[in-house]
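Written below as structure tokens is the structure these notes are about.
The values are calculated or read from the model by the stated rules, or taken from the named source; none is laboratory data. Here the structure is a predicted model, which means the values were calculated and not measured. Here Cβ is always computed from backbone atoms with ideal geometry, including for glycine, and neighbour counts include all displayed protein chains. For accessibility, only protein heavy atoms count, side chains too; no ligands or nucleic acids. Shrake-Rupley method; radii C 1.70, N 1.55, O 1.52, S 1.80 Å.
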Amino acid sequence: MPDTVPTYLLSDLASRVGGRLLGDANLSVSSLNTLDASESGQLSFLANKKYVSRLATTRATAVLVAEEYAENLPCAAIIVTDPYLAFAQLTKLFDWRAPCSPYIDQSASISISSSISTDVFISPGVVIGDNVVVESGVYIGANSVIGNNCVIARNTRLEAGVVLYDNVRIGEDCLIHSSVILGGDGFGFAPTKDGWVKIHQLGGVRIGRDVEIGAGTTIDRGALDHTYIHDGVKLDNQIQIAHNVVIGEQTAIAGCTAIAGSTRIGSRCTIAGLSGIVGHLTVADNTHVTAMTLISKSVTEPGQVLSSGTGQELHRDWKKNVVRFKQLNQMAKRITTLEQQVKNFSSEG
């Protein structure tokens with residue numbers, strides 16, 4: 001955590017987001033907040049028009065707003081095309097994570113065969129195996145374990161308690177949150193009459209650049225080839241990605257989603273929370289999956305929005321509908337019979 005709170009002139013913030021400043025350029029901002037909770041010295045934003053009435057009562061020093069809301073504001077403003085994007089860009093300035101500074105704790109265990117850059121931060125209790133490469137600007141949090149033959153590229157950050165099995169490679173500028181496990185065995189077994197024979201997982205995991213992986217997420221190593229997470233992918237907490245999955249560039253996946261083995265997900269997809277994708281499928285680019293959806297067959301046409309499951313309803317109605325659901329097959333047969341009878345009657349008439 002930085003020792004002092006960063007403070008920025010409003011003119012500087014406007015310049016950073018390419019915005020037009022309305023008000024005193026020398027006003028200072030030391031943090032960000034919502035319209036309702038903001039105080040003097042804070043910058044807020046309006047990204048959803050349903051909150052426009054709150055502009056009139058905000059106590060923020062300044063707000064990020066689109067041109068259409070620039071009049072009659074009670075404070076200074078930075079006019080931008082996309083206030084939410086501008087807010088996202090400025091959050092980096094106020095992040096609680098301190099910049100990486102050179103430090104290797106004496107309690108860290110590092111193999112002499114590994115190549116460690118001189119400007120990395122390695123926290124207490126870290127274990128680094130054989131033939132590991134840790135490049136410039138990397139931060140490794142406390143009690144993380146890096147297996148043999150791993151590579152962690154420039155400016156990537158591993159929070160506390162991350163585990164990399166052998167043969168995992170992570171690209172530049174990634175953020176890996178606590179309790180992430182990369183490279184555990186995929187779920188592969190051959191059935192016999194006497195039980196299961198393990199299929200040893202011989203591949204690795206390859207993570208591209210600018211990837212973020214949320215806390216508790218697990219990504220299995222490939223059976224023969226690798227599991228691939230390509231550039232710009234964003235993964236939420238507690239996601240399971242099985243062996244030999246490929247996830248295309250800039251795809252975002254929300255929490256508690258599970259993806260079975262050998263499925264290929266395209267670029268720029270969004271997959272909402274609690275979704276499931278079965279194995280050996282292909283999901284086309286720009287596919288958008290809503291919450292709690294099961295994808296059970298390949299998606300070949302790009303740009304589709306997919307949903308499954310049932311919506312919320314009162315419990316008493318749900319119980320009745322469950323009974324009706326069990327009767328669907330019988331009802332369908334009766335409807336088919338009735339349609340045939342009507343057809344026969346019409347032809348006879």
Report task. With respect to Leu73, determine if the residue is crowded, with 18+ Cβ neighbours inside 10 Å and in a helix (DSSP H, G or I). Result -> no
Query raised in the report: Scanning for something polar (S, T, N, Q) and touching a residue at least 12 places away in the same chain (Cβ under 8 Å), does the range 308-325 turn up at least one residue?
Result: yes
Query raised in the report: Quick one: how many residues across the range 86-132 are free of Cβ contacts under 8 Å to residues at least 24 places away in the same chain, outside any loop (DSSP other than H, G, I, E, B) and not aromatic (Phe, Trp, Tyr)?
Result: 10
Query raised in the report: Taking the condition within 30 Å of Thr270 (Cβ to Cβ) and either touching a Phe, Trp or Tyr at 6+ places or on another chain (Cβ under 7 Å) or open to solvent by 90 Å² or more (accessible area, probe 1.4 Å) (or both), does Gln312 pass?
Result: yes
**Report entry** Only one of Ser44, Ser38 that is part of a strand (DSSP E or B) and either under 20 Å from Phe94 (Cα atoms) or open to solvent by less than 40 Å² (accessible area, probe 1.4 Å) (or both)
**Finding:** Ser44
Requested in this report: Can you tell me which residue within the range 201-224, out of those that are out of contact with any Gly (no Cβ under 8 Å at 6 or more places or on another chain) and either part of a loop (DSSP other than H, G, I, E, B) or within 19 Å of Asn237 (Cβ to Cβ) (or both), is most open to solvent (accessible area, probe 1.4 Å)?
Outcome: Glu212
Query - Unique residue being of a type in the set (A, V, I, L, M), at pLDDT 95 or above and farther than 17 Å from Ala272 by Cβ when the list is Ala190, Ala254, Ala258 - result: Ala190
Query raised in the report: Filtering the range 180-209 down to residues that are out of contact with any Cys (no Cβ under 9 Å at 6 or more places or on another chain) and among the charged types (D, E, K, R), which residue is nearest to His226 (Cα to Cα)?
Result: Arg206
Requested in this report: Search the range 201-222 for residues that are at positive phi and in contact (Cβ under 8 Å) with a residue 24 or more places away in the chain and pair each with any residue that is open to solvent by 10 Å² or more (accessible area, probe 1.4 Å) and of a type outside the set (Lys, Arg) when their beta-carbon atoms are under 7 Å apart and the residues are at least 6 apart or on different chains.
Outcome: Asp210/Asp173; Asp210/Asp231; Gly216/Ser179; Gly216/Asn237; Gly216/Gln238
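Listed here are the residues, each with its yes/no results for (1) more than 22 Å from the chain's Cα centre (by Cα); (2) of a type outside the set (Asp, Glu); (3) within 22 Å of Gly216 (Cβ to Cβ); (4) open to solvent by 60 Å² or more (accessible area, probe 1.4 Å).
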position: Ile241; (1), (2), (3), (4): no, yes, yes, no
position: Arg264; (1), (2), (3), (4): no, yes, no, yes
position: Cys269; (1), (2), (3), (4): no, yes, yes, no
position: Ser275; (1), (2), (3), (4): no, yes, yes, no
position: Asn329; (1), (2), (3), (4): yes, yes, no, yes
